[in-house]
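Below is one structure, written out as structure tokens, with a few remarks after it.
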Amino acid sequence: MRIDLGAHDWTLRACGPLNHVPIELARRLAEGIPASVPGTVHTDLLAAGLIPDPYLDRNEADLQWIGLTGWRYETTFDRPAALGTAELVFDGLDTIAEIELNHRVLAETRNMHRSYRIPVTDLLADGNTLAVTFSSAVRYARAERARLGDLPNLGNDEPANFIRKMACNFGWDWGPKLVTAGLWKTASIEVWDVGRLRQVRVAAGGDGVVVVHAEVEGRDDLVLRARVADVEVSGPASAPLRAGVPDPRLWWPHSLGDQPLYPLTVTLETADGSIVDTWAREIGFRTVELDTDGGAFTFRVNGVPLFVRGANWIPDDCFPHRVDAARYDRRVRQAVEANIDLLRVWGGGIYESDDFYAACDRQGVLVWQDFLFACAGYPEEEPLRREVEAEAREAVVRLAPHPSLALWCGNNENYLGWFHWGWRESLAGREWGAGYYEDLLPSIVSELDPSRPYVPGSPWSGDPERDALDDDHGCVHIWDVWNERDYSAYLERVPRFVSEFGWQAPPTWATLTAAVHDVPLTPESPGILHHQKAADGNGKLARGLAHHFPAPESVADWHYLTQVTQARAIRTGIEHFRSHRPRCTGTIVWQLNDCWPVTSWSAIDGAERRKPLWYALRDAYADRLITLQERGAVLVNDSASPWETTVELRRMTVDGEILAKTSQSVRVPPRAAVVLPVGDVGVASDARRELLVADTGAERAIRFLADDLDIDYPEPRFETRVERTATGYAITVTARSVLRDLAVFPDRLAPDAEADQCLLTLLPGDHATIRVTTRYALDPEQLVTRPVLRCLNDVG
Ligand code: BMA
């Protein structure tokens, strides 16, 4: 029997130290306010109307006292009716907690990434008081740093590396510093009598065999039974069970096939067949390997090598308990609709809830899971070491049943720090975490999840002695391009695999203006700058833009041009890297999502809206891609069937006059790329006014032969027609001149309005229909006028 304590009334009080609590709140916070479990202090204070929304304007700055204060959660509950062993179960405590039952301290915890189970059988009375007191995570981490001595940390200005808590909770270069405390996952009382499944560990490969290792408690005559599809096996609880499903249908990433899932139920039973405990999941059958031969970094699923079309995943909210199954599902759906087939769960966040991995299982998205270490040196001393071990063991067992899980990875960018940020020298022999990445974590994976590949880090060159950034070996992160150069610099390199590269842009207009209320609103107004966390972020945005466009004259131009630049930058990178398959076997864009409204590298902003980058990803990650590179037209086919087509190549002027033309038939085998040289057709006579177009009928690539600043864009000439549809509006644009990067931003008119296409380049005579979905009645005239409808021809 299980009693959900979240259904009980909880009270939250501030407790020592109180010296940072605002005086006007002190009395209320001493008396107590209603609290939620799962939840966190910030959201409880928000619900009680005591603090403003931390995501708006510069409120974050006024709320730093929360992370410096201690907090006590309290509830009462009756003695459970059932008899047997009673345990208090916490699925997640954030983070430095003391648990008291009936005023007696039962346990102290210090790891957000673990669950806890505390025996209470003999401690329960008819009425019980449960209190969980959290001390300030900031103060704890600082004290641990003082005790153990400092280690490098680039992620934020607090010693996040000295506490097992989501690192980005202390701030990141896309996230606010809102240091939380609370029972962030469910809390319950469980009472069991005859026996209990303590842990169920599952391995399933491509042959239909499921192996179930169970750890049980209770009587020693209990029987374990596993049912998968129509197959049922049983045996003594002390031995693993093997069930074989004949002719299993294989699970594939969505780009290669279906996602058949098989219900697996494990029961613990008495000898006469009565069920004592049950564990159930959906599993899938497939193999996954990482081929690292000769420096490669190639994922193979069911033996098929992939070009990974990935994106990096960060916590979808600074307060992760707010991300429910439906929201995970929507976010993964947005990834799939952008043709993304792998998400990398980044090491500065969390092991996500099972709802996330289940959404990936169902929708065919591979998951690369970092262990939770990012951009810092980590102490290997106690108590950190045993916390790391306990959390890793729990995470590996919990996530192993998910067919989507494809890779375990030791850390994010810590080898980069070792090789490139001066750590090797400054650490002077001190331990910094390598023992985790090279020893502890791989041994846990090989013990508990031996069929899954493991790499020590991202980036990683295959050898701890070799620079982690090596284009010939393993996976690299490319950051100098955004930080210091122009996006054309992506074209200079052909790494084996790129697990991070990114370019910033502001969130959508609706998201930005709902979060920032500056008057006037400018790229440098205080709220906009507050919602930009990267070092010199706005400077980099401005310099990135200056390579291609005149300085924006208005915030509307800034917003449009920075978004165009972001989309272009990532498109440039992806098309180039994909065109070099099979030497390069994957790209993971930084980053899919945001945790609040912010200018960042994301494709989907903090209010779930798609930025222009999302649309660019959908195009650049399409199964069939035609791209015009320096060396010719490259056709990339990542589908499972051959691509036979005719490519018509034209060089034309911006006014539509055709200067040269050829056509060629081509066959691109599945999962291959073919280069067609463009020859004389590609040689410009006046680059400022010419472009190259490669058309297959269904796919098209356009390459302007000069850079934007040199192009003589014609005045935009076009006609529009707006029609009401069942779900909103259809806008048909007929181009009379070249129109470059045409976009409609309907979120400027209604908060729910979305366009189905963005950044279209139309040639004279082309027409395109952009569908806008919205529940609101919009003004058709505004829909087709600046700043809602824009193209590059009318900048300035
Ligand atoms: C890498 C990531 C993140 C960071 C991003 C952008 O360092 O691993 O830490 O947010 O680049 O700077």
Over the chain: Rg over Rh, Cα atoms, Kirkwood Rh:
0.99
Does a label point 7 Å from the Cα of residue 727, set along Cα-to-beta-carbon, have any residues of the range 341-366 with amide nitrogen under 12 Å, and which are they?
none
Evaluate the charge dipole of the range 133-226 about its Cα centre and quote only its size in Debye, nearest 20, assuming +1 on the Cβ of each Lys and Arg and -1 on the Cβ of each Asp and Glu.
300 debye
Accessible-area composition of the range 132-248, carbon plus sulfur, in percent [1.4 Å probe]
46 percent
Which percentage, to the nearest 5, of the DSSP beta bridges contained in the chain is antiparallel?
85 percent
Heavy-atom accessible area of the range 491-541 with neighbours in place, 1.4 angstrom probe: carbon+sulfur share in percent works out to 61 percent
Residue by residue through the range 484-499, the couplings from Karplus 6.51 cos²θ - 1.76 cosθ + 1.60 with θ = phi - 60°, in Hz, x for Gly and Pro, are 10, 10, 9, 5, 4, 5, 4, 6, 7, 10, 10, x, 6, 6, 10, 8
In debye to the nearest 20, how big a dipole does the chain give about its Cα centre with +1 on each Lys and Arg Cβ and -1 on each Asp and Glu Cβ?
840 debye
Round to the nearest 0.05 the FRET efficiency obtained for residue 536 and residue 750 when R0 = 41 Å and r is the Cβ-Cβ distance.
0.75
Based on alpha-carbon positions alone, could you give the equivalent ellipsoid semi-axes of the range 604-697 from the gyration tensor, as √(5λ), descending, whole Å?
26, 21, 10
Solvent-accessible area of residue 147, probe 1.4 Å, all protein chains present, reported in Å² to the nearest ten, please.
140 Å²
Could you calculate the FRET efficiency of residue 1 with residue 767 from 1/(1 + (r/R0)^6), where r is the beta carbon distance between them and R0 is 51 Å, rounded to 0.05?
0.20
Quick one: which residues, 5+ away or cross-chain, put their amide H under 5 Å from the amide H of residue 629? H built at 1.01 Å from N.
634
Taking residue 540 as the anchor, which lysines have their alpha carbon closer than 25 Å to its alpha carbon, excluding any fewer than eight residues away along the same chain?
177, 611
In whole percent, what relative contact order does the range 718-778 give with Cα contacts below 8 Å and a gap of six or more residues?
39 percent
Taking θ = phi - 60°, what integer Hz values does the Karplus form 6.51 cos²θ - 1.76 cosθ + 1.60 yield along the range 298-304, in sequence order, with x for Gly and Pro?
10, 6, 10, 10, 6, x, 8
Take the Cβ-Cβ distance between residue 492 and residue 326 as r, set R0 to 30 Å, and report the resulting FRET efficiency rounded to the nearest 0.05.
0.10
Over the Cα atoms of the range 728-773, how large are the radius of gyration and the largest Cα-Cα distance (Dmax), in Å?
10.9, 33
Quick one: pull the percent of accessible area on the range 715-761 belonging to carbon and sulfur, 1.4 Å probe, ligands and nucleic acids left out.
44 percent
Accessible area in square angstrom per residue, the chain, 1.4 angstrom probe
36 Å²
Could you tell me which residue out of 152, 138, 113 lies farthest along the dipole of the range 100-156 toward its positive end? Charges go on the beta carbon: Lys and Arg +1, Asp and Glu -1, centred on the Cα centre.
152
Within the range 306-434: Cβ-based charge dipole about Cα centre, in debye rounded to nearest 20 (Lys, Arg +1; Asp, Glu -1)
360 debye
Angle check, please: helix 137-148 long axis (alpha carbons) against the longest principal axis of the chain (alpha carbons), in degrees 0 to 90, nearest 10.
80 degrees
Heavy-atom SASA rank of 343, 469 (probe 1.4 Å, accessible area, largest first)
469, 343
Would you tell me the accessible area of residue 713, worked out with a 1.4 angstrom probe on the heavy atoms of the protein chains, in Å² to the nearest 10?
50 Å²
What is the chain's relative contact order, in percent, from Cα pairs under 8 angstrom and six or more apart in sequence?
9 percent
Whole-number Å³ per residue for the convex hull built on Cα positions in the range 508-631
118 Å³
Sorted by packing (mean other beta-carbon atoms within 10 Å per residue), highest first, where do 367-380, 570-583 land?
367-380, 570-583
Distance between the range 741-766 and the range 284-347 - C-alpha centres, whole angstrom:
28 Å
Among 660-666, 160-166, 509-515, how do they line up by average Cβ neighbours within 10 Å per residue, starting with the highest?
160-166, 509-515, 660-666
Relative contact order for the range 411-537: what is it in percent, counting Cα pairs under 8 Å that are at least 6 residues apart?
17 percent
Which stretch or stretches of the range 237-279 have amide N atoms under 20 Å from the point lying 7 Å from residue 304's Cα along the Cα→Cβ direction?
247-262
Phi-based couplings in Hz for the range 619-625 (Karplus 6.51, -1.76, 1.60; Gly and Pro marked x)
6, 5, 9, 4, 3, 10, 10
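The values are calculated or read from the model by the stated rules, or taken from the named source; none is laboratory data. Being a predicted model, the structure only gives us computed values, none of them experimental. Please note: Cβ atoms are built from the backbone with ideal geometry, for glycine as well, and neighbour counts cover all protein chains shown. We work out accessible area using only protein heavy atoms, side chains counted, and drop any ligands, DNA or RNA first. Shrake-Rupley method; radii C 1.70, N 1.55, O 1.52, S 1.80 Å.
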